[in-house]
Structures are given as C-alpha cells and as structure tokens.
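A short worksheet on the structure shown next.
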Amino acid sequence: MKIQEINKQIRENAIENIIKKRERKKEKKPLQAYAASWANEDRLYDSVGYTIFIVLPTSGCEWATKSGGCTMCSYIADSPLTEISEKKLIEIFDKEWTKQLEKTDISSHENVAIKIFVSGSFLNNNEIPEKVQNYIFNEFNKYDQIKEVIIESKPEYIEEDSLIRLAQLIPNKIFEIGIGLETSNEETRLNKINKGITNNSFERCVSVINSIEDYDIRAKAYLLVKPILISEKEAINESIESAKYAKEVGVRRLAYCPATVHGGTMMDYLWKRGSYNPPWIWSLIKIIKEVRKNVDIPMIMDTAGYGTRRGPYNCKQCNSKLKSLIIKSNLEQSIPEELENFNCECKEKWEADLEFSDILNSPTNPKN
C-alpha cells in the first residue's frame, strides 16, 4: 500500500472519530469556539513590532478532506467540519478582531502586522469566500499602523486577479502570502509529506506574486524541519538547501516549522510505534546558524512545542534556555553570541545520533 493511501486511511479514521466524539457531547460546540486570536511582540520585515494573530474556522482544508492531507498536519481536527455562511464568518472575524482592538491600542504601536490563519487556504473561495476576504482586508486598511498583512494559501489558489483584488484594498501595506513549500526536495514533499505541490507549481506562484508591480506583494515559504521517513542529518541538510532554493526562486521571507507530533496524523502513527522522533533543538540551531550566514533574507524558527514530549527536545537542562535564545534570534535576525557558543552535555548525544542515523541510512548498511 502506498504512503498516500495509508495517510488517507489514517485521516479518514481520525475525522470519523472526531465526528463521533462531537456527536456524543450533549451540547454542540459553537462555531465561535473554533476561532482564536492573540497578540505579541514579533519580527516584522524592517523591525521588531507587534503582531495580531487571528485563526478563523472554515469547513476544512480541501486537500485534507479529499486526499488525506499532509502527514504532519492536524488542522482538520480544529475545524468544525461543516459549511459556514459568509455572514457567520464575518461575525466570527468581527468578534476576534474587536477582542484584540479592545486589548491593545493599535495607535500606540508604530509597526503592526496581522497574520490570518485558516484550516487550509485563505485564497480558496470554498473556505473563505471573496466577500469575506474583501471585508477582512477593508478592516485592516483603516489602520495606518498596520504595515503587513499575512495570509496562507496553497499554490493552486494563487492567481494574479485575486492577489490584485486584495492588494487594492490595502494599497500601502505589505501583502504577504505564506506557502507551505516544506522542502525543496520534491520526493520528500510529494511522497513523505504528501503536500501535493511540485517545484514547478511553487515556482509558478512565486513568479505570479513577484510579477505584480503596482503593489508590495511578497512570497513567504514555510519549511518543515524533519518530515517522517528521513534521518536527523537528512532533515538538517534538506532544511538548509530548501532555504537556498527558496531564495533563488524569489521568496522574500522564511518561516521554519520544526515538527511537532499531532494526533490523528501519520506522523503520530509512526511516533507511537517508535518509528519517528521530532528534531533535536541542536539541529534547529545548526539550521539557524547556516541559514543566517548564507541566505540573505529574513528567517524565523518557530518555537512551538519545545521541550515537550511531542516536540523538539534536547534535555531538561537546556530546552528552556535555548528556546529563549532562538526567540531572541528571531527578533534580532542575528545569531546571539550566547547561542553561537552554547554548549551542554546532551550535545554529544545529538552528534552521536547524527553519525548513527547517517550510518543507518547508508547504502552499505545490510538492512538497506
């Protein structure tokens, strides 16, 4: 059985279990409960600023519902898995947006970014209809302090007409589209991540983004650190090469997403059977050092899940400290001296793991 077929079966079982669990509950979870928003200090293109994050529920990522989706992604589990009207989506957005405006006076910040997350693709009209897209962007245009508006989309929904339509609503702001490239290795992306994106499709949509001259529209690449079925050393090398590739193609910013294990995914299936581990934090540090020195575009390394059972891990002595130093690196867009020179006893275990995984995956290994 192909990995895509196994992944689809795992996903279908997970969705079925989610639906059964929800049906057993006496009170149905309101749609607003699937939304979320928060804000914090963050790195913008030109400086440290303030970012408001808004998560909107949709009917679900079409790629996940039709094909099984990506082997590491559990966003479908956070979706209501039901159709949501335009009116309801706008109502949900308004509540989250108002909540953040009440918490923070935007006028007190010079540089503000807005990041909109959905279950799949913001530019997919089946998930976020055009009317809702336009409404949201019109709201953001009311505030001069908002310098960047960031959304996410798969390449097949990125077309010149839709980009211009939205860019016209925020003419003096950076409009960034985050694309889940994950890796420049097409074999890994198609057959281990099950992303459904070829290099050609990625290059096409970046080219479309960069060809629009009248507005400041930019492409960002999301890169996954350590997909399933590759070694720790391969994961490091692919992550570094992927940054170089993305820069060459015309991407303007990078966001690394170190793997964390989420329930109902193929990654979770393998992890529970001892066939997968999330990356070492040492691996992430090596990636940061190499990319900051050799790829001259902004880059952040996400720190979600650090030090947890299902996330990036070193040891109890250094997990927390290294997370803080990586956050500092994200904000400053540099390699803090303490991070450059940091050491811990567990580093030897990581180095041994790299050497062992390399030998284990060698063509001369009798098991291969």
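The values are calculated or read from the model by the stated rules, or taken from the named source; none is laboratory data. Keep in mind that this is a model prediction, so the values were computed, not measured. As a convention, Cβ positions derive from the backbone with ideal geometry for all residues, glycine included, and neighbour counts pool all protein chains shown. Each accessible area value is taken on the protein alone, full model and side chains, heavy atoms only, with ligands, DNA and RNA left out. Shrake-Rupley method; radii C 1.70, N 1.55, O 1.52, S 1.80 Å.
Which is open to solvent by 20 Å² or more (accessible area, probe 1.4 Å), in a helix (DSSP H, G or I) and out of contact with any Pro (no Cβ under 7 Å at 6 or more places or on another chain), of E139, E110? Unique residue meeting the criteria: E139.
Among the residues of the range 45-63, those identified as under 17 Å from N124 (Cα atoms) and open to solvent by 10 Å² or more (accessible area, probe 1.4 Å) are V55, S59, C61, E62, W63. Looking at the range 315-322, can you tell me whether even one residue there is open to solvent by 10 Å² or more (accessible area, probe 1.4 Å), touching a residue at least 24 places away in the same chain (Cβ under 8 Å) and either of a type in the set (A, V, I, L, M) or in a helix (DSSP H, G or I) (or both)? Yes, because at least one residue in the range 315-322 is open to solvent by 10 Å² or more (accessible area, probe 1.4 Å), touching a residue at least 24 places away in the same chain (Cβ under 8 Å) and either of a type in the set (A, V, I, L, M) or in a helix (DSSP H, G or I) (or both).
Yes or no, residue by residue, for (1) among the hydrophobic types (A, V, I, L, M, F, W, C); (2) in a strand (DSSP E or B); (3) surrounded by 15 or more Cβ atoms within 10 Å (Cβ to Cβ):
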residue	(1), (2), (3)
Y276	no, no, yes
V291	yes, no, yes
T303	no, no, yes
E355	no, no, no
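In the set (1) under 22 Å from the mean Cα position of the chain (by Cα); (2) under 30 Å from N194 (Cα atoms); (3) at pLDDT 95 or above, the condition left unmet by D42 is number (2).
Hey, could you check the range 95-116 for residues that are touching a residue at least 12 places away in the same chain (Cβ under 8 Å) and within 19 Å of L31 (Cα to Cα) and say which is nearest to the chain's Cα centre (by Cα)? Checking each candidate, the answer is I116.
The residue of the range 1-39 that is modelled with the lowest pLDDT, among those that are over 20 Å from T265 (Cα atoms) and among the small types (G, A, S), is A33. Restricting the range 233-247 to residues that are within 15 Å of R189 (Cα to Cα) and not hydrophobic (A, V, I, L, M, F, W, C) leaves a set whose member that is surrounded by the fewest Cβ atoms within 10 Å (Cβ to Cβ) is E241. Residues in the range 272-298 that are of a type in the set (D, E, K, R) and over 17 Å from C257 (Cα atoms): K272, R273, K293, D296.
Conditions tested, residue by residue: (1) closer than 15 Å to W63 by Cβ; (2) in a loop (DSSP other than H, G, I, E, B); (3) modelled with pLDDT of 95 or more; (4) small (G, A, S).
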| residue | (1), (2), (3), (4) |
| --- | --- |
| F122 | yes, yes, yes, no |
| K147 | no, no, yes, no |
| R165 | no, no, yes, no |
| G180 | yes, no, yes, yes |
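What residue, among those in the range 206-232 that are open to solvent by 30 Å² or more (accessible area, probe 1.4 Å) and among the small types (G, A, S), is nearest to M267 (Cα to Cα)? Selected residue: S207. Considering (1) surrounded by fewer than 12 Cβ atoms within 10 Å (Cβ to Cβ); (2) under 27 Å from I228 (Cβ atoms), the lone condition that Y75 does not fulfil carries the number (1). The residues listed here are E23, E86; of these, the one that is of a type outside the set (V, I, T) and in contact (Cβ under 8 Å) with a residue 40 or more places away in the chain is E86. A single member of I15, I92, I76, I84 is under 21 Å from the mean Cα position of the chain (by Cα) and either closer than 22 Å to N126 by Cα or outside any loop (DSSP other than H, G, I, E, B) (or both), and it is I76. Looking across the range 1-44 at every residue that is of a type outside the set (D, E, K, R) and open to solvent by 90 Å² or more (accessible area, probe 1.4 Å), the one that is farthest from E83 (Cα to Cα) is identified as M1. Scanning the range 88-143 for residues that are small (G, A, S) and under 26 Å from G69 (Cα atoms) yields S119, G120, S121. With the condition kept exactly as written, say whether any residue in the range 331-338 is touching a Cys at 6+ places or on another chain (Cβ under 8 Å), in a helix (DSSP H, G or I), modelled with pLDDT of 95 or more and farther than 15 Å from E232 by Cα. Looking through the range 331-338, none of the residues is touching a Cys at 6+ places or on another chain (Cβ under 8 Å), in a helix (DSSP H, G or I), modelled with pLDDT of 95 or more and farther than 15 Å from E232 by Cα.
Across the range 175-193, the number of residues qualifying as more than 17 Å from M72 (Cα to Cα) and among the acidic types (D, E) comes to 1.
Report whether or not G250 is among the small types (G, A, S), within 15 Å of E156 (Cβ to Cβ) and either at pLDDT 95 or above or open to solvent by 30 Å² or more (accessible area, probe 1.4 Å) (or both).
Working: among the small types (G, A, S): yes; within 15 Å of E156 (Cβ to Cβ): no; either at pLDDT 95 or above or open to solvent by 30 Å² or more (accessible area, probe 1.4 Å) (or both): yes.
Criteria not met by G250.
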